[in-house]
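Peer 1: This is the structure, below, for whatever I ask next.
The values are calculated or read from the model by the stated rules, or taken from the named source; none is laboratory data. Please read all numbers here as calculations on a predicted model, not as lab measurements. Every residue, glycine as well, gets a Cβ built from its backbone with ideal geometry; the counts of neighbours run over all protein chains shown. The protein model used for the area step is the full one, side chains on, heavy atoms only, and it has no ligands, DNA or RNA in it. Shrake-Rupley method; radii C 1.70, N 1.55, O 1.52, S 1.80 Å.
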Amino acid sequence: MAVTERKTVPVTVLTGYLGSGKTTLLNRILTDEHGQKIAVIMNEFGAVGIDNQLVIDVDEEIFEMNNGCICCTVRGDLIRIINHLMKRRDKFDRLIIETTGLADPAPVIQTFFVDDEVRNQVRLDAVITVVDARHIWQHWEAEEAIEQIAFADVILLNKIDLVTEVELEALERRIRGMNAIAKIFRTRDAQIETATILGVNAFDLNHALQIDPDFLNETAHEHDETVGSLALVEAGELDGDKLNAWLGELLRDRGPDIFRMKGILNLAGEDCRFVFQGVHMLFDGCQDRPWKPDESRTNELVFIGRNLEQMNLADSLRACLVEQNI
Amino acid sequence: MASKTKDRDLLEFQWYTALSDYITAIAWSPDGTWFAVSSAAGEVVQCVEKTKTVTVLQAAQGTSIDALAVSGDGVFLAAGGQAGAVLVWRLDGHAPTQILALDQSHIWIDRLQWNPHHPELAYGFGRHVQVWSATQQSAIADLNFESSSVLDLAWHPSGDRLAASGNQSIKTWWRHAWEEAPMVQQLGGASEAIAWSPDGHYLASGNNDRSVMVWQDGNPFPWQMRGFPGKVRQLAWSEPHQSISAPLLASICGEGVVVWTKDCDPSIGWDAQVLDLHQGSVRAIAFQPQSLQLASAADDGWLCLWRKASRLTQLFEGAPTGFSCLAWQPQGKTLAAGGGQGEVLVWTQTTTGQGFG
């Protein structure tokens, strides 16, 4: 047999507004002594020019695959360049994609799940968003700024030296309300240990869901935003058929408003955990490890999206529970 | 020689050479005496088939060359690649002379093709197609595709028009009136590959929405072929043949090759046959000229020959990390293929036609 198993190259997506410290972070990653050879795809001419690192700049291009459905949009420029770069896959260990501050993160993420050629060669590691703690309030009106935070797996609250602790805490609360699954780091000059933001495996289904316990404990979230997070924790066994029907309908009807979702489920009749994640209408799920004997079998789901409170998520989930004979 | 025996002729390994990186393209001269090869390290070489001599036109230099084309008269070789590279050599003198060298852009040039009857080179340049004349040594047309980057382009076999494909459409310009608005064919997705049948009657498009579309000359309504498991990345037409009503159309998607045959009954349309032997992404397909034999090369390291585009007759190895491209000599006697680590392999037809029954 001539087949050799090829390993996929991890991809880190770096987003954030111009001036947030995104380029500083990129330079830090490139010059850090992590021993990785990195190829960078940029959508804007930046001040990055490191010897021996491959930097390619391309113009952002959105391709539709299904007559304009937003869940089926991909980034044509990334598909083309990744396929070219992967011919020399032995020349680098990681890809970093730096998007402009105005880029919609959804097509970038969807590219790694929808395009079969890309999916065969690379895997999305994490979306990192750099937020300018001082100036972000000027951008709350901008959809891109909100979505970059909502889609992130890692958020750097940068320039913390320019704001007070009180402001910082308020900002962090607001961001946590929008995105309950991201890891949030406070930084100055984007100073952070590279190892903590590379190799996050945020899209790896076998990575357990991590909801900030503070988020779960908070009883009242700030709902001044239309974009928010909702975490559901429910004991009991779920009826697989009912769950399928609910999620199918939800994604079909509300897919454009659901940015991301993740979950660990306890399906009736199964000894293993069922894990899933989704980006808009794209849904990916599989059987995970067996439940441990001492583990409480609870269902945990997190949704990030727009107008979630209108979707009756908690009631709908409860309606999928297998009725218990008391 | 009767065509039946000709179909049975087998290929035999002839020779091997190597470049330093992934082979990105192979292009034959029209008379079949030489072919050019390019690599992801930016190498461009000319290989003379009979003497097995290799002339380096450009050495490895860090940025890739991704597309090659030889002009219809065999005089010019064009190469395109990373960093906006467009290179043209004149090859009819004692030594190859470079007559064009553009590399002033961040746009990656990965599609270029000569007009089959005139020394005019079309290449995709971002959202534009540039047409450069080797006679005038200058650009003669700048066609704005608009909707996206140009993903593929193809001259009609008669040379009188040029089609370019991208997101949501295929646009075709007439050579005698470049300045006029192109004819537009709408698509639901993006067209990654287009191909005219050698007789010029059909235009096919392989799309990212997992479909193939085929237009017949003069009919605005295309056939749509669906059911692919992924995007359709490459297409190849056979030449017309007395045994079939229309040329065969081969398409690649993931690890599969799908061959489409037009049914004699027009109401049925096209019938599919899946060639599903490969165990890695199929990288290239091409019909042997003057024959219905199809060659397919894949990441699994196999190069397969399919008699009448349906039955496996020969299987070659020689590129352990996978084959990346292939090209038949226009006379159909010789096949050249490239590999992921710079391998270049050549097979030639044996005259004894014995073996597989």
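Peer 1: Restricting attention to the range B:346-356, does a residue exist that is within 18 Å of the chain's Cα centre (by Cα) and touching a residue at least 40 places away in the same chain (Cβ under 8 Å)? If you could, list the steps in order and put the result at the bottom.
Peer 2: Going through the range B:346-356, the residues within 18 Å of the chain's Cα centre (by Cα) turn out to be B:346.
Filter once more, keeping what is touching a residue at least 40 places away in the same chain (Cβ under 8 Å): B:346.
Within the range B:346-356 (the criterion being within 18 Å of the chain's Cα centre (by Cα) and touching a residue at least 40 places away in the same chain (Cβ under 8 Å)), the answer is yes, since at least one residue qualifies.
Peer 1: Regarding residue B:51, is this residue out of contact with any strand residue (DSSP E or B) (no Cβ under 8 Å at 6 or more places or on another chain), of a type in the set (Val, Ile, Thr) and open to solvent by 20 Å² or more (accessible area, probe 1.4 Å)?
Peer 2: Details: out of contact with any strand residue (DSSP E or B) (no Cβ under 8 Å at 6 or more places or on another chain): yes; of a type in the set (Val, Ile, Thr): yes; open to solvent by 20 Å² or more (accessible area, probe 1.4 Å): yes.
Spelling it out, residue B:51 is indeed out of contact with any strand residue (DSSP E or B) (no Cβ under 8 Å at 6 or more places or on another chain), of a type in the set (Val, Ile, Thr) and open to solvent by 20 Å² or more (accessible area, probe 1.4 Å).
Peer 1: Out of all the residues in the range A:5-44, which are among the basic types (Lys, Arg), within 14 Å of chain B (Cβ to nearest Cβ) and farther than 16 Å from residue A:95 by Cβ?
Peer 2: none
Peer 1: Right, next: Suppose the filter is more than 20 Å from residue B:119 (Cα to Cα), away from chain A (no Cβ under 12 Å) and among the polar types (S, T, N, Q); does residue B:51 pass it? Show your work before the answer.
Peer 2: Details: more than 20 Å from residue B:119 (Cα to Cα): yes; away from chain A (no Cβ under 12 Å): yes; among the polar types (S, T, N, Q): yes.
Yes: the conditions hold for residue B:51.
Peer 1: Let me ask something else about it. Please verify whether residue A:163 is more than 16 Å from the chain's Cα centre (by Cα) and of a type in the set (A, V, I, L, M, F, W, C), treating the condition exactly as stated. Can you show your working first?
Peer 2: Values: more than 16 Å from the chain's Cα centre (by Cα): yes; of a type in the set (A, V, I, L, M, F, W, C): yes.
So residue A:163 fits the description; yes.
Peer 1: Report whether or not residue A:56 is within 13 Å of another protein chain (Cβ to nearest Cβ), modelled with pLDDT of 90 or more and either under 28 Å from residue B:298 (Cβ atoms) or open to solvent by 60 Å² or more (accessible area, probe 1.4 Å) (or both).
Peer 2: Working: within 13 Å of another protein chain (Cβ to nearest Cβ): yes; modelled with pLDDT of 90 or more: no; either under 28 Å from residue B:298 (Cβ atoms) or open to solvent by 60 Å² or more (accessible area, probe 1.4 Å) (or both): yes.
Judged against the criteria, residue A:56 is not a match.
Peer 1: Would you check which residues across the range B:260-284 are open to solvent by less than 80 Å² (accessible area, probe 1.4 Å), more than 14 Å from residue B:224 (Cα to Cα) and either aliphatic (A, V, I, L, M) or in contact with a Pro (Cβ under 8 Å, 6 or more places away or on another chain) (or both) and list them?
Peer 2: B:275, B:277, B:282, B:284, listed by residue number.
Peer 1: Say whether the condition of being open to solvent by less than 50 Å² (accessible area, probe 1.4 Å) and charged (D, E, K, R) is met by at least one residue in the range A:243-254. Write out each step before concluding.
Peer 2: First pass over the range A:243-254, keeping only residues open to solvent by less than 50 Å² (accessible area, probe 1.4 Å): A:243, A:246-248, A:250-251.
Those left that are additionally charged (D, E, K, R): none.
No, there is no match, as no residue in the range A:243-254 is open to solvent by less than 50 Å² (accessible area, probe 1.4 Å) and charged (D, E, K, R).
Peer 1: Restricting to the range B:70-98, give me the number of residues that are at pLDDT below 95 and within 14 Å of chain A (Cβ to nearest Cβ).
Peer 2: Number of matching residues: 4.
Peer 1: Which residues, counting only those in the range B:234-262, are among the polar types (S, T, N, Q) and out of contact with any strand residue (DSSP E or B) (no Cβ under 9 Å at 6 or more places or on another chain)? Working first, answer last.
Peer 2: Within the range B:234-262, the subset among the polar types (S, T, N, Q) is B:234, B:238, B:242-243, B:245, B:251, B:261.
Residues satisfying the conditions are B:242, B:243.
Peer 1: Scan the range B:33-51 for residues that are of a type outside the set (Val, Ile, Thr), part of a strand (DSSP E or B) and in contact (Cβ under 8 Å) with a residue 60 or more places away in the chain and report the count. Before you say what the answer is, go through the steps one by one.
Peer 2: Start the filter on the range B:33-51 by keeping residues that are of a type outside the set (Val, Ile, Thr), which leaves B:34-36, B:38-43, B:46-47, B:49-50.
With part of a strand (DSSP E or B) added as a condition, the list becomes B:34-36, B:38-39, B:46-47.
Now restrict to residues that are in contact (Cβ under 8 Å) with a residue 60 or more places away in the chain: B:35, B:39, B:47.
Residues meeting the conditions: 3.
Peer 1: Another one. Quick check on residue B:67: is it open to solvent by less than 40 Å² (accessible area, probe 1.4 Å) and either more than 14 Å from chain A (Cβ to nearest Cβ) or free of Cβ contacts under 8 Å to residues at least 24 places away in the same chain (or both)? Before the answer, list the steps.
Peer 2: On the way: open to solvent by less than 40 Å² (accessible area, probe 1.4 Å): yes; either more than 14 Å from chain A (Cβ to nearest Cβ) or free of Cβ contacts under 8 Å to residues at least 24 places away in the same chain (or both): no.
Answer is no for this residue.
Peer 1: So, one more: Take the range A:81-91 and flag every residue that is touching a residue at least 12 places away in the same chain (Cβ under 8 Å) and among the basic types (Lys, Arg).
Peer 2: The first filter runs over the range A:81-91 and keeps only residues touching a residue at least 12 places away in the same chain (Cβ under 8 Å), leaving A:81-83, A:85-86, A:89, A:91.
Of everything in the range A:81-91, those that are touching a residue at least 12 places away in the same chain (Cβ under 8 Å) and among the basic types (Lys, Arg) turn out to be A:89, A:91.
Peer 1: When you look at residue A:94, is it in contact (Cβ under 8 Å) with a residue 12 or more places away in the chain, surrounded by fewer than 22 Cβ atoms within 10 Å (Cβ to Cβ) and either over 13 Å from the mean Cα position of the chain (by Cα) or within 14 Å of chain B (Cβ to nearest Cβ) (or both), yes or no?
Peer 2: Numbers: in contact (Cβ under 8 Å) with a residue 12 or more places away in the chain: yes; surrounded by fewer than 22 Cβ atoms within 10 Å (Cβ to Cβ): yes; either over 13 Å from the mean Cα position of the chain (by Cα) or within 14 Å of chain B (Cβ to nearest Cβ) (or both): yes.
The answer is yes for residue A:94.
Peer 1: Also, quick follow-up: Restricted to the range A:110-127, and to residues that are of a type in the set (S, T, N, Q) and more than 10 Å from chain B (Cβ to nearest Cβ), which residue is nearest to residue A:255 (Cα to Cα)?
Peer 2: We begin by selecting, within the range A:110-127, every residue of a type in the set (S, T, N, Q); these are A:110-111, A:120-121.
From the residues that got through so far, the ones that are more than 10 Å from chain B (Cβ to nearest Cβ) too are A:110-111.
Working: A:110: 13, A:111: 17 Å.
Restricting to residues being of a type in the set (S, T, N, Q) and more than 10 Å from chain B (Cβ to nearest Cβ), the top hit is A:110.
Peer 1: Among the candidates B:272, B:193, which residue alone is in a strand (DSSP E or B) and away from every other protein chain (no Cβ under 14 Å)?
Peer 2: B:272
A quick yes/no check of all residues on (1) within 14 Å of another protein chain (Cβ to nearest Cβ); (2) open to solvent by less than 10 Å² (accessible area, probe 1.4 Å); (3) farther than 29 Å from residue B:332 by Cβ; (4) at pLDDT 95 or above:
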site: B:178; (1), (2), (3), (4): no, no, yes, yes
site: B:183; (1), (2), (3), (4): no, no, yes, yes
site: B:204; (1), (2), (3), (4): no, yes, no, yes
site: B:220; (1), (2), (3), (4): no, no, yes, no
site: B:227; (1), (2), (3), (4): no, no, yes, no
site: B:232; (1), (2), (3), (4): yes, yes, no, yes
site: B:238; (1), (2), (3), (4): no, yes, no, yes
site: B:244; (1), (2), (3), (4): no, no, no, no
site: B:258; (1), (2), (3), (4): no, no, no, yes
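Peer 1: Please work out which residue is surrounded by the most Cβ atoms within 10 Å (Cβ to Cβ), limiting yourself to the range A:182-207 and to residues that are in contact (Cβ under 8 Å) with a residue 60 or more places away in the chain and outside any loop (DSSP other than H, G, I, E, B).
Peer 2: Among those that are in contact (Cβ under 8 Å) with a residue 60 or more places away in the chain and outside any loop (DSSP other than H, G, I, E, B), it is A:197.
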